[in-house]
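Please treat every number below as a calculation from the coordinates, not as lab data. Note that the structure is predicted; figures quoted are calculated from it, not measured. So basically every Cβ, Gly included, is an ideal-geometry build from the backbone, and we count neighbours across all protein chains shown.
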Amino acid sequence: MHKGDLGAAASIISKAQHLIALTGAGISKESNVPTFRGEDGLWRKYNVMDLATPSAFARNPQLVWEWYSWRQDLIAKCSPNPAHHTLVKWERKGVLKSLISQNVDGLHRRAGSSNVHEVHGNLWAVKCTSCTHLGRLSSPAQGIPECPSCGAKLRPDVVWFGESLDNAVMQQVYAELERADVIIVVGTSALVHPAASFPLVVKQRDGRLVEVNIEETPLTPSVDVHLKGKAGELLPKLDALLKSDTVS
Ligand code: OAD
């Protein structure tokens, strides 16, 4: 099997009993959402230790909120692209059973995907730094938002460096990884754990791995098919190759 073969990927997907997807920032790149690493990546321009850690927030909540407000504003102006739409189509046809995303941009749900596990949280979700209040912002944050229940500072309900992923979400994710016989991994550098190791859980159970990325990643040696190119172009091409009798 040739690693760059679109037909080989379509064949694996069309035979899947339980296909799941893992996505990263690259799937939203063609929606104009910046990725974290690589050329133009956010972590090239901004220091993660100043913006995305609990101690950064404790030190300077104003700065952290300014950065999140800027990203909320940016993402509010972006729209899902053909890669997001293809995953919606597969979910509606029963081909894709669930979607695990590292992205906080919410574009999968905006595209129409419903079975989405956002392992790093969501840019619009907030939680209180003092009580148990959880909420959502409907527009970019102004200043430091306050808790409607107790008046303490709200913080973005996203996973920061040094923090654990939500237990309930992780239980659902591992249940999906245990069920999956095929995982399609789209637009992630496969550098941040635990998400980077999710595909290997599927592989350990003899599942098949398909990777879509503009470049090779640490995961590439382990995949069955690596499709090199843009997700927004390759996923619709893959969809076109799937036989209608296997996807409807
Ligand atoms: P990265 O920015 O690390 O990687 C983006 C990946 O997308 C790279 O491998 C690119 O080659 C690829 N890529 C770029 N454009 C693409 C396109 N059009 N089509 C397909 N692939 C493309 O993003 P993540 O892997 O998602 O964590 O980063 C993982 C985590 O690191 C993020 O969730 C975030 C970050 O720090 C937290 O905020 C906790």
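General observations
- Basic side chains Lys and Arg get +1 at the Cβ, acidic Asp and Glu get -1 at the Cβ, and with that the dipole of the stretch 92-208 about its Cα centre reaches some 340 debye.
- Computed from Cα atoms, the angle from the helix 231-241 axis to the main principal axis of the chain rounds to 30 degrees.
- Percent breakdown of C-alpha pair distances by 5 Å bin, ordered from the shortest bin, for the stretch 138-191: 4, 12, 13, 17, 18, 12, 10, 9, 4, 0
- Debye equation applied to the C-alpha atoms of the stretch 48-145, log10 I(q)/I(0) at 0.11, 0.18, 0.23 Å⁻¹: -0.40, -0.90, -1.22
- Cα gyration tensor category, rounded, prolate or oblate, for the stretch 123-162 with a/c compared to 1.5: oblate
- Between L19, L137, L235, the GNM of the chain built on Cα springs shorter than 10 angstrom shows L137 fluctuating the most.
- DSSP-defined beta bridges in the stretch 1-144 - what % are antiparallel, rounded to 5: 25
- Given their separation in residues at 0.36 nm each and the Cα-Cα distance between them, C150 and I214 gain 18.4 nm when the chain is fully extended.
- Lys, Arg +1 and Asp, Glu -1 on Cβ, resulting dipole of the chain about Cα centre, debye, nearest 20: 280
- Full extension of the chain between D206 and R92 yields a length gain of 38.4 nm, computed as 0.36 nm times the residue separation minus the alpha carbon distance.
- For the chain, a Gaussian network of Cα nodes joined below 10 Å ranks I20, I75, I214 by mean-square fluctuation, and the top entry is I214.
- Entry note, the chain: the mean residue ellipticity at 222 nm calculated from DSSP H runs of n ≥ 4, each adding -39500 (n - 2.57), is -10000 deg cm²/dmol after division by the residues and rounding to the nearest 500.
- N32-R59 FRET efficiency (beta carbon distance; Förster radius 22 Å; 0.05 resolution): 0.10
- Proportion of all alpha-carbon pairs of the chain beyond 22 Å (%): 54
- Between the Cα long axis of helix 6-15 and the first principal axis of the chain there is an angle of about 90°, rounded to the nearest 10.
- Full-stretch length increase - D50, L165 - with 0.36 nm per residue and alpha-carbon distance subtracted: 39.4 nm
- Part-to-part distance (alpha-carbon centres) for the stretch 23-51 and the stretch 113-160, which is given in Å: 21
- Semi-axes of the equivalent ellipsoid for the stretch 1-91, Cα gyration tensor, largest first, Å: 35, 15, 13
- Only beta bridges with both residues in the chain are counted; by DSSP, about 25 percent of them are antiparallel.
- Helix 167-179 and the long axis of the chain differ in direction by around 0°, with both axes built from C-alpha atoms.
- Contact order normalised by residue count of the chain, Cα under 8 Å, 6+ apart, percent: 28
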